[in-house]
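One structure is given below, encoded as C-alpha cells.
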Amino acid sequence: MSRRFHIKDEIRILGIDDSALIGEKILIVGAFFRGGIWLDGVMSSYITRDGMDGTDSIISMVKSSKHFPQLRIIMLDGITYGGFNPIDIITLHKKTGIPVIVLMRKYPDFELIAKALTHLPHGEERMAIFKRAGSITKVCTVDPLNPVYIQCCGIDLMDAAKIVRSSSTRSNIPEPLRVAHLIATGVILGESRGKA
C-alpha cells in the first residue's frame, strides 16, 4: 500500500550509502537531511560483505537514532550494499513504518545479477528480494539527458519522484545520498572518491 502525503521543502530524509569493499565488515553511513539543503546528522553501522544482514542492520540503525521520530523517507543507493548484501525494502518499510525510495544511476542488468548470484549462498533468496522491490521508473532530476531510476515502497510513485527531484540540489543524485557516499568513502579510504 502506497501512502500519499504532503511534501514539505524540508522533508526529513535519511540517505544511506556504503563504503569501499575493504575487508569483511563494510561501513554504511546515513546522512540525515532536511530536504536537499541541510545536513542535520550522521549515523553509521556495519554490514557483512556479500552477507544477508543488511536489512536488519539498517532497521536497527534507523530505529535507534534520535532522528527516528522526525524521519519521513529512507533513501537507498541501490538495493544491494557491501557487494551483494540485499536490502529488503518491503521489510524495511514494515519494520520502521517509513517509506523507502531506492535510487540507481543505471537500469539494472538482471541477467548479469542473476548470474553473479549463482556464486553466492542464498542466491534464490537474494533474487527474490530484488524481485519484491517492484517496478523501476525513470526520473529526470537536474540533467534531463542523464536520468536516474527509482523503486519505492510505502509511498506513491509520483510523490517519490517529486522527493528525488526536490532533494537533488547539487547534482542528479539527491543530496542525502551524495553526502552519505562522500562520508562513507572518506572515512574508509582517507578521502572521498567515486560517485554516489
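The values are calculated or read from the model by the stated rules, or taken from the named source; none is laboratory data. Remember, predicted model here, so these are calculated numbers, not experimental data. Counting neighbours? That spans all protein chains shown, and the Cβs are built from the backbone with ideal geometry, glycine included. Accessible surface areas use protein heavy atoms only, side chains included; no ligands, DNA or RNA. Shrake-Rupley method; radii C 1.70, N 1.55, O 1.52, S 1.80 Å.
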- Item | Of all residues in region 105-135 being under 21 Å from the mean Cα position of the chain (by Cα) and among the hydroxyl-bearing types (Ser, Thr, Tyr), the one that is farthest from residue 168 (Cα to Cα) | 135
- Might you let me know whether region 22-34 holds any residue that is outside any strand (DSSP E or B) and under 17 Å from the mean Cα position of the chain (by Cα)? no
- Query: Are any residues in region 38-58 open to solvent by 50 Å² or more (accessible area, probe 1.4 Å) and not acidic (Asp, Glu), and if so, which ones?
  - Reply: 38, 39, 42, 44, 46, 49, 52
- Message: Of everything in region 145-166, what is open to solvent by less than 30 Å² (accessible area, probe 1.4 Å) and in a helix (DSSP H, G or I)? Give them in sequence order.
- Response: 159, 160, 161, 163, 164
- Task: Would you check which residues across region 19-37 are open to solvent by 30 Å² or more (accessible area, probe 1.4 Å) and either at pLDDT 95 or above or of a type outside the set (A, V, I, L, M, F, W, C) (or both) and list them?
- Result: 23, 24, 25, 34
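Please pick out the residue among 141, 137, 185, 169 that is in contact with a Pro (Cβ under 8 Å, 6 or more places away or on another chain) and open to solvent by less than 60 Å² (accessible area, probe 1.4 Å).
Result of the check over 141, 137, 185, 169: 141.
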- Among the residues of region 61-82, count how many are open to solvent by less than 10 Å² (accessible area, probe 1.4 Å), closer than 21 Å to residue 128 by Cβ and assigned to a strand (DSSP E or B). 3
- Task: Looking for whichever is open to solvent by 40 Å² or more (accessible area, probe 1.4 Å), assigned to a helix (DSSP H, G or I) and basic (Lys, Arg) here; the options are 106, 95. Which one fits?
- Result: 95
- Message: Here is a check on your reading of the model: is residue 120 without any contact (Cβ under 8 Å) to a residue 12 or more places away in the chain and either among the small types (Gly, Ala, Ser) or open to solvent by 10 Å² or more (accessible area, probe 1.4 Å) (or both)?
- Response: no
- Query: Using beta carbons and a limit of 8 Å, which pairs, at least six apart or on different chains, have the first residue in region 124-144 and part of a loop (DSSP other than H, G, I, E, B) and the second one surrounded by fewer than 15 Cβ atoms within 10 Å (Cβ to Cβ)?
  - Reply: 136/107
